[in-house]
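Since the structure comes first, as C-alpha cells, the remarks are kept for the end.
The values are calculated or read from the model by the stated rules, or taken from the named source; none is laboratory data. Not measured: the values here are computed from a predicted model. Quick reminder, even Gly has a Cβ in these numbers, built from the backbone with ideal geometry, and neighbours come from all protein chains shown. Side chains included, ligands, DNA and RNA excluded: accessible areas come from the protein's heavy atoms. Shrake-Rupley method; radii C 1.70, N 1.55, O 1.52, S 1.80 Å.
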Amino acid sequence: ADDIQNLDEAPSLLAKKTSSLITWLRMLLGDAQMTVQEVGDLNICITRMYNDFGITDDNESIWADASHTKLKTMPIISNLLDEIKKTGTLERVVSVLNIWVYGSCSNMNGQTNVDLENKTIAADINEDLIGEDLLPGFMYIAFDLFYDMAKRDKNEYCALALDEVWKMLSNPMCGKQIFKMIKILRAYETSVITATQDIEDYAKNEYGRSILTLSAIKIFLKVNSDEIKALGDSIELSDYNKELIQQIPSGFGFV
C-alpha cells in the first residue's frame, strides 16, 4: 500500500485498487469496450472480494496486527474470478480471466515470490512466449506495482524505466491511467524513463505525445525519414536537428 505512513489522511486504498483492477480488465478486453453495467458489477465484485479478506475502505484494515508490521493476506486472481462468476452478468470478463487462472498465465495466480524490498527490481516480459495480445496486461501489472512502490516514501529517490510503453498507451483507458500516473510520480522524487523502438507509433498516440512533451530530457537514436515527420510534429525540432538525428551513427544518441 502506498502512502503507508499517512493512512489516516490517504484516500481509500480499496477504492484505488478497485480502479486499477478495472483498468487492467478493460485492457484485457481490448477493443471490446465494457458497458456501464459491467463496470458497476465489477466494482461490486472487487469490493466484496476484499471485504471477504477483511479489507474495507478503512485503510487500517489492511494490517494483520495492531503494531502495523504485517499486512493481511491479499486475494489472488482466482478469488476475483470466483466472485465474478457469482454475478452471471460478466461472462466476457470470465472468459479473459480464465487464462490467468487455468491457462498459460496461471503462474500469475498466486502470492508474489519477489522480494519487494530489493533496491533493484526488473520485470522481464517475453512477448514471444505470452503473445502480443497479453503483453499489455503483463506490463500493466508490473507498472502498477512499481508505481505504488515509488510512492511509498517521498524522501526516497526512485527511477522507473518502461520499455515499449506505447503498447500500453494504445489502449485508451490504460493510456489515460498511465499518463496520469507518470504525472503524479514527478511529485514523489521519481524519474520515469520511457523507451521505444517505434517512435512513430509513440508519437501518433495522444498520451505518447503528451509524455514526450513532459519529458525534461529526450535521447534519440537514429530515426529514419518516415519516422522523423511524426517526431517533428510532436516536439519542436529544427530542420537542422532533424537532419542530425537521421545521420546519427550506430552507438550514438542525440540529446
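For region 178-201, the tally of residues that are out of contact with any Asp or Glu (no Cβ under 9 Å at 6 or more places or on another chain), in a helix (DSSP H, G or I) and either farther than 19 Å from Phe146 by Cα or of a type outside the set (Gly, Ala, Ser) (or both) stands at 8.
Checked across region 163-172, the condition of being touching a strand residue (DSSP E or B) at 6+ places or on another chain (Cβ under 6 Å) and either in a loop (DSSP other than H, G, I, E, B) or farther than 29 Å from Thr18 by Cα (or both) holds for at least one residue. Residue pairs whose Cβ atoms lie under 6 Å apart, sitting 6 or more positions apart in sequence or on different chains, and linking a residue in region 154-165 that is hydrophobic (A, V, I, L, M, F, W, C) to a partner that is open to solvent by 70 Å² or more (accessible area, probe 1.4 Å) and outside any loop (DSSP other than H, G, I, E, B), are Ala161/Ile193.
In a residue-by-residue description of region 39-57, the property of being crowded, with 18+ Cβ neighbours inside 10 Å, more than 29 Å from Asp133 (Cα to Cα) and among the hydrophobic types (A, V, I, L, M, F, W, C) applies to at least one position. Among the residues making up region 198-222, those that are open to solvent by less than 40 Å² (accessible area, probe 1.4 Å) and modelled with pLDDT under 80 are Ile199, Tyr202, Ala203.
Would you confirm, using the coordinates I've provided, whether Val101 is over 19 Å from Met49 (Cβ atoms) and either touching a helix residue (DSSP H, G or I) at 6+ places or on another chain (Cβ under 9 Å) or open to solvent by 60 Å² or more (accessible area, probe 1.4 Å) (or both)? Working first, answer last.
Details: over 19 Å from Met49 (Cβ atoms): no; either touching a helix residue (DSSP H, G or I) at 6+ places or on another chain (Cβ under 9 Å) or open to solvent by 60 Å² or more (accessible area, probe 1.4 Å) (or both): yes.
So Val101 fails the test.
Within region 12-58, the set of residues being outside any helix (DSSP H, G or I), of a type in the set (Val, Ile, Thr) and under 14 Å from Met74 (Cβ atoms) comprises Ile55, Thr56. Scanning region 153-162 for residues that are of a type outside the set (Gly, Ala, Ser) and surrounded by fewer than 15 Cβ atoms within 10 Å (Cβ to Cβ), we see that the one that is modelled with the highest pLDDT is Tyr157. Answer yes or no: is there a residue in region 248-255 that is assigned to a loop (DSSP other than H, G, I, E, B), of a type in the set (Gly, Ala, Ser) and either touching a Phe, Trp or Tyr at 6+ places or on another chain (Cβ under 8 Å) or under 16 Å from Val165 (Cβ atoms) (or both). The answer is yes; a qualifying residue exists. With respect to the conditions (1) assigned to a helix (DSSP H, G or I); (2) open to solvent by less than 30 Å² (accessible area, probe 1.4 Å), Asp82 lacks only one, and its number is (2). Only one entry in Leu145, Leu129, Leu169 is out of contact with any Leu (no Cβ under 9 Å at 6 or more places or on another chain) and within 17 Å of Trp24 (Cα to Cα), namely Leu169. A residue that is in contact with a helix residue (DSSP H, G or I) (Cβ under 8 Å, 6 or more places away or on another chain), surrounded by 13 or more Cβ atoms within 10 Å (Cβ to Cβ) and modelled with pLDDT under 80 cannot be found anywhere in region 178-186.
Tell me, yes or no, whether region 136-148 has at least one residue that is farther than 23 Å from Ile46 by Cα and either among the β-branched types (Val, Ile, Thr) or over 12 Å from the mean Cα position of the chain (by Cα) (or both). Among the residues of region 136-148, not one is farther than 23 Å from Ile46 by Cα and either among the β-branched types (Val, Ile, Thr) or over 12 Å from the mean Cα position of the chain (by Cα) (or both), which makes the answer no.
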